[in-house]
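> Mind looking over this structure? Questions follow.
The values are calculated or read from the model by the stated rules, or taken from the named source; none is laboratory data. Note that this is a predicted model, so its numbers are computed, not measured. Counting neighbours? That spans all protein chains shown, and the Cβs are built from the backbone with ideal geometry, glycine included.
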Amino acid sequence: MASMISTNCAQFSGLRRSSPTQSYSQHVNSHLRLVSSRRPRRSSSVVAMASSNKFFVGGNWKCNGTKESITKLVSDLNDAKLEADVDVVVAPPFVYIDQVKNSLTDRIEIAAQNSWVGKGGAFTGEIRVLFMMWRAEVTFGTWFFSVEQLKDIGCKWVVLGHSERRHVIGEDDQFIGKKAAYALSEGLGVIACIGEQLQEREAGKTFDVCFQQLKAYADAIPSWDNVVIAYEPVWAIGTGKVATPEQAQEVHAALRDWLKNSVSADVATKTRIIYGGSVNGSNCAELAKQEDIDGFLVGGASLKGPEFATIVNSVTSKKVAA
């Protein structure tokens, strides 16, 4: 028994003790200034390396909705006219995944908001990537599900490394990398989130932070074929603030450059890098025009069917810019 507990506890080694109040006090409510980060040197050859892959738009519903409101949202999505050349994914709260899967058009795939680092077992409240074990305590709407369970209920993707998992729950880079590696090994696609907090941007550490988080994925995963990188500056998540198109492009270009230099030119070209952080129907078109922005991970605006459709269809701005 002692050895089993020791083995199981080892899987939690990437969880830091974290205070939600302290973490969220670091958000941008008291900050009005955006400070430009250090601009890394980018080789001219990378300019032509922007991804030519299919546009990708994900909707992260987080801990929002009721059966009634989600029924309405799904109905709106089913009625929406979406551009054909966009991969569209939504991540409902876990308790509504089955409802959404059974009523949503096959045009839109289902993602989970989190998964566990390995196979299921003696982890009360955690969920494997085959069946669900419900947790008695909900923390910001994010639970652990095993990859096998998520596949069993029809999920094709999982969101990992979201800032709320990092800064509220306390997951570290290496733990997130292990979760990504296991999800990929079991056939799920991974939306791999990275992003800096406001104080890190103000200190000129945007690229250092993002590269460190990206390296943890690179160290853990054998292939990038089913990985979408989501750059989400923490100071722009749920705040109404958004990076300017130029700020977002600067980071996306640097991330692609890092992939080229640290992984391979092929991975840099083929891997989609999407932007998240207060994306809405008003700003999506200008963001979509940016060379290295391959789509979006959308929060609040994804809860409004017509607005989410507008964001999906912003791919037309990408075509015009090209």
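> Enumerate the pairs (first residue in the stretch 77-97 and within 16 Å of Leu303 (Cα to Cα) and crowded, with 23+ Cβ neighbours inside 10 Å; second residue anywhere and hydroxyl-bearing (Ser, Thr, Tyr) and modelled with pLDDT under 95) with beta-carbon separation below 9 Å, excluding pairs fewer than 6 apart on the same chain, so at least 6 apart or on different chains.
From the stretch 77-97, the pairs are Phe94/Thr142.
> Do we find that Val117 is buried (at least 20 other Cβ atoms within 10 Å of the Cβ), out of contact with any Lys or Arg (no Cβ under 6 Å at 6 or more places or on another chain), farther than 26 Å from Thr66 by Cβ and at pLDDT below 95 in this structure?
Values: buried (at least 20 other Cβ atoms within 10 Å of the Cβ): yes; out of contact with any Lys or Arg (no Cβ under 6 Å at 6 or more places or on another chain): no; farther than 26 Å from Thr66 by Cβ: yes; at pLDDT below 95: yes.
Answer is no for this residue.
Results for (1) at pLDDT below 95; (2) out of contact with any helix residue (DSSP H, G or I) (no Cβ under 6 Å at 6 or more places or on another chain), shown as yes or no for each residue.
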position	(1), (2)
Leu160	no, no
Arg165	yes, yes
Val168	yes, no
Gly177	no, no
Gly195	no, no
Arg201	yes, yes
Gly240	yes, yes
Thr244	yes, yes
Asn261	no, yes
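> Of the numbered conditions (1) at pLDDT below 95; (2) more than 21 Å from the chain's Cα centre (by Cα); (3) assigned to a loop (DSSP other than H, G, I, E, B), Val47 satisfies every one except a single condition; which is it?
Evaluating Val47 over (1) at pLDDT below 95; (2) more than 21 Å from the chain's Cα centre (by Cα); (3) assigned to a loop (DSSP other than H, G, I, E, B) leaves (3) as the failure.
> Still on this structure, please answer the following. If I ask for residues that are over 16 Å from Val228 (Cα atoms) and either of a type in the set (S, T, N, Q) or buried (at least 20 other Cβ atoms within 10 Å of the Cβ) (or both), which ones from the stretch 289-300 would you list?
Gln290, Gly299
> Anything in the stretch 98-114 that is surrounded by fewer than 19 Cβ atoms within 10 Å (Cβ to Cβ) and either of a type in the set (Val, Ile, Thr) or modelled with pLDDT under 95 (or both)? List them, or say none.
Looking only at the stretch 98-114, we keep the residues that are surrounded by fewer than 19 Cβ atoms within 10 Å (Cβ to Cβ), and these are 98-99, 101-103, 105-107, 109.
Correct list: Asp98, Thr105.
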